Structures are given as C-alpha cells and as structure tokens.
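S.K.: One structure, pasted below without further comment.
The values are calculated or read from the model by the stated rules, or taken from the named source; none is laboratory data. The structure presented is a predicted model; accordingly, all values stated were derived computationally and were not measured. In this analysis, Cβ positions are derived from the backbone assuming ideal geometry, glycine residues included, and neighbour counts consider all displayed protein chains.
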C-alpha cells in the first residue's frame, strides 16, 4: 500500500487520480496482463520500429512522436548527474498493457516524462520493463561539471571527514543545517558517528546495512535523507549496534572488527556517500530477506513473515510501506505492501514493539495475479528483496486527536493495524476510534475475532463490518461505500472535535470515499488516504 496525503480530491473523468503520487488502475483487455507483456517483449518482435537500431534523439524529433499511435517518452537518468542523460522509449506497443491506462502515458507523450514517472511509480524498473522499446538517448547539451572543493585535500582526509563536492550538497540548502560524520576505533571496534543536528532522532529514522564490507547508513531528515556509504577497508562481523542520542541527534554505528588491524582510513567512499538530497531523489535500496513463516488468514489471504539480515537495522514507521522485488520470467517486478504487526495487541499500556528482526505482510493472493502467485509459491527459507520504507504518514497527525475514523476495504486494513495500536496506547486525548471495514463476504473479513475482542477490551474502539455480497442471515450492515452510509457511521464525539479519517482500499473505493468525505464537509487536513 502506498501512502498518499489528501492534497487533492479526485477530479471527474474516466481515469481519476486519488491524490498526488497515487495512481488509478483501469480495466485491461483480455490478453493484456503483465505476463502477456513479458511474453511480447521476449517474442523477438520489433517494438521500436527501428529494426534494432539505437539512435540519438533531439528535442525536436521527440516532440514529433506525441500521438497514441506514435508515442515516444524520455526518462532522465539521475545517476548520470552532473551530465544528465535521457533514455527515449517508444511506448506505443505498451499502451494497452499499462495498468494506469493510455491517458496516463499520453501526459508525457513527446516530452520528458521523468517528473510524472517519479510522482506515480518511480519504484518500477522501467529499464527492465521497457528494454525492448528503447529508441536511444537524448541529444542533451553537455553541462559543465561543478568544481570539487575537496580536490586539494589528501585522500585520507577526504575519506575520514567525508568532504563534499558542491554537487553532493544539491538540495541541502533547503535545510538549516547539514549533517556530518566522523569515525574512531579501538582494537576491537569501529564507531561511525553521524551528527544529524536534529532533535527527536529515533530508531525509525535510522537505516543501516552492512554487507560484504559495504556500510550504508541512511538518516531520514523530514523530506531529505543523509547517506554515509563506504566500502570498508577491512571486514567486520555481520551484527552491529546502533546507538541514538535523541536529544542531540547523534547516531553511532558500532562495528566489530574481524581482526585487530589498525585502520588508516574508514574505507573508499561510494557514489552516494556523504550526500544530503531529497528522499524522492535518493532511489530505493533493497536487501535480501528470508521467508520464515506463511500463515493462512482467510481462504485467499496469507500473513508472510520475512527475516531481516543480521547486518540490517530497519524499523518501518506507522503507515509507511516497503516494496517487494522479484524476478519473474526474466523481468524485474516490484509491488508495494504495508507491514503490520503479527497480531492485534489487546494490552493498552505501551505500544507493541516488534523485535526489529522481522517484517510481517498480509497479502491477498489473486488467482490471476502474477506477483502474488509467485509470492504464494515461495518456500520457507527462500529470499526476496525488500526495500527501505517509504511514505508520508506522520505520528503527529494522530497525537492530538479526539476522534479517529478508519475506512478500510479488504487488505486496505493493513496500514490500520499499527495505527490502531499507537492511537489506543499513546494518544491520551482520544475519545473514539472506529474502524468501518468493507468486504464482499463474511469469509473475507481479516482478523475478525481479534477486532471484536479489541472492541470488548477498550470502550473507545468500535468496529463496523459492512458486506457487499452477504448471505441472507447476515445481521449487520450491507452495501458499498456511500455518502449516506459514511454520514450514518461516522459521528464526532463532540461538535468541534479534532478528527482524522484514514482511508485505504482498491483505487475505486478510495476515490469514491474521498469524494463522499469532501461532500460531507470534511477538510483536506482531516483526511489521509493510503492508496495501492
């Protein structure tokens, strides 16, 4: 599940977007699935119209190909900064296979579609998906490389203090302070110290991976991330410790040496080392996680438990998601999912804290779903790539609430689990929490018994089950999301109570729900949409 703030309610039209960064799926014709596209790309058919040639494309030439029957799009490779390079693709044959529909692709027809791509699905590996549609490179004018202010320093000093070139602080001027780092050693240990200069630093904002002598530490600073990434001079043990001084924003990464060698330098700085840039420009980082259990929740839904490597420190914040990546039929496929707790806690003294070693995902298995079928066929011990967390939901949206309403359809329930746990344990001013849970049939309801027990244990919590295809003996509400139903089910505890409404489910459900909430007079600040 992706996390999208309700900055924009859906406009009219056949292809509506839920909110900035969201996307709407449209029905595809038979024979136009992802698997069908993969088969087409492997058929040997000429999808570019250039008979295997790669050409250099000028801006004028690109602009000519702006029709549905002749559509080229350029995507700029950020990895080529400071010499930007764009790859041009003929997406005409992909039109009927695109889950977002032809209109979405046409927004970038004959132009640079990088920004649009980043907003909607930058996590997709388009180079793999569209490799047979590659026309060539854009003929950009070269841009002068910026001066490297560290060029006069000895290499040891640059590696020790991580001096930045002007290019690497791109975007940092938007923050008052720029983080820095240092390191020191004993006979047994290497300690990397990152000075974030931000109060309130916590474990959820620190992500560390150390594999094959490569240390990667990412610090989340609002909309930015700061990265320390080096190829270490010597080998270290797999496990390490992370200490955080929250009040002063200091982070220590403590590595254990494999021998007692004295290091002259920390290691060789890698491409992203010592950079502070906007998070959306950083790109996704993956690590291999092992499947340790798979439990049936309903007839078509499983609870997967993946174990993080010992060499990873990662905690997924409330309301944020990760991406799973698999190679299917030779093509890299990526899907977002929201981690949740292994069960719904009923003790309201403190929030349930996971051990930091596992990630739990509740996933519906679709009979024709290429990705979920592959997931369901994973065996215990198999690996899958899991990304860093992403999303924009903040705990501060909940901390002063009096009323919290959760609208969920199917596995749209998943981001609500951690949110429920946090709200009922940490928000003292909270008066009511109500989950309005939409499903087709009674057998589809996820964790029904746990939710009913939670409602009995805490008088602030209420759950309302609504079925669109119930049996005749169903005694509760039936139907689909509507303005009248929401008006009936959502009552403030007092006239002007501070309220937040979170909504998550299939795109049509979320789109309709946002429009109904707008019609009922709720403001954008009172709504947060999680969209798939």
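S.K.: Can you pull out the residues in segment 489-511 that are assigned to a helix (DSSP H, G or I) and either at pLDDT 95 or above or touching a strand residue (DSSP E or B) at 6+ places or on another chain (Cβ under 7 Å) (or both)?
M.R.: Listed by number, the residues that qualify are 489, 507, 509, 510.
S.K.: Looking at (1) closer than 17 Å to residue 112 by Cα; (2) modelled with pLDDT of 90 or more; (3) surrounded by 16 or more Cβ atoms within 10 Å (Cβ to Cβ), find the lone condition where residue 47 falls short.
M.R.: (1)
S.K.: Within segment 470-487, can you find the residues that are surrounded by 12 or more Cβ atoms within 10 Å (Cβ to Cβ) and at negative phi?
M.R.: Of everything in segment 470-487, those that are surrounded by 12 or more Cβ atoms within 10 Å (Cβ to Cβ) and at negative phi turn out to be 470, 474, 477, 478, 480, 481, 482, 483, 485, 486, 487.
S.K.: Hey, among the residues in segment 63-85 that are in a strand (DSSP E or B) and modelled with pLDDT of 80 or more, which one's surrounded by the most Cβ atoms within 10 Å (Cβ to Cβ)?
M.R.: So the residue we want is 73.
S.K.: Sticking with this one: Is it true that some residue in segment 434-448 is more than 28 Å from the chain's Cα centre (by Cα) and closer than 27 Å to residue 399 by Cα?
M.R.: no
S.K.: What's the number of the only condition in (1) without any contact (Cβ under 8 Å) to a residue 12 or more places away in the chain; (2) crowded, with 22+ Cβ neighbours inside 10 Å that residue 420 fails to meet?
M.R.: (1)
S.K.: Assess whether residue 437 counts as being touching a residue at least 12 places away in the same chain (Cβ under 8 Å) and out of contact with any helix residue (DSSP H, G or I) (no Cβ under 7 Å at 6 or more places or on another chain).
M.R.: Criteria not met by residue 437.
S.K.: Further question: Kindly check whether there is at least one residue in segment 23-36 that is at pLDDT below 90, closer than 30 Å to residue 139 by Cβ and not in a loop (DSSP other than H, G, I, E, B).
M.R.: No - not one qualifying residue is present in segment 23-36.
S.K.: I've got another one for you. For segment 273-297, what are the residues that are more than 19 Å from the chain's Cα centre (by Cα) and crowded, with 20+ Cβ neighbours inside 10 Å?
M.R.: Passing the criteria: 273, 274, 275, 276.
S.K.: So residue 340 clears everything in (1) surrounded by fewer than 20 Cβ atoms within 10 Å (Cβ to Cβ); (2) under 19 Å from residue 422 (Cβ atoms); (3) touching a strand residue (DSSP E or B) at 6+ places or on another chain (Cβ under 7 Å); (4) in contact (Cβ under 8 Å) with a residue 60 or more places away in the chain except one condition, right? Which one?
M.R.: Only one criterion is unmet by residue 340, namely (1).
S.K.: While we're on this one: When you scan segment 144-151, do you find a residue that is closer than 30 Å to residue 286 by Cα and either at pLDDT 55 or above or assigned to a strand (DSSP E or B) (or both), even just one?
M.R.: No, there is no match, as no residue in segment 144-151 is closer than 30 Å to residue 286 by Cα and either at pLDDT 55 or above or assigned to a strand (DSSP E or B) (or both).
S.K.: Answer with yes or no whether residue 288 is without any contact (Cβ under 8 Å) to a residue 60 or more places away in the chain and touching a strand residue (DSSP E or B) at 6+ places or on another chain (Cβ under 8 Å).
M.R.: So residue 288 fails the test.
S.K.: For the subset of segment 518-532 comprising residues that are out of contact with any helix residue (DSSP H, G or I) (no Cβ under 6 Å at 6 or more places or on another chain) and not in a loop (DSSP other than H, G, I, E, B), which member is surrounded by the most Cβ atoms within 10 Å (Cβ to Cβ)?
M.R.: Taking the candidates together, the pick is 528.
S.K.: Follow-up. Would you check which residues across segment 440-480 are in contact (Cβ under 8 Å) with a residue 40 or more places away in the chain, in a loop (DSSP other than H, G, I, E, B) and touching a helix residue (DSSP H, G or I) at 6+ places or on another chain (Cβ under 7 Å) and list them?
M.R.: 446, 458 - these are the residues of segment 440-480 that are in contact (Cβ under 8 Å) with a residue 40 or more places away in the chain, in a loop (DSSP other than H, G, I, E, B) and touching a helix residue (DSSP H, G or I) at 6+ places or on another chain (Cβ under 7 Å).
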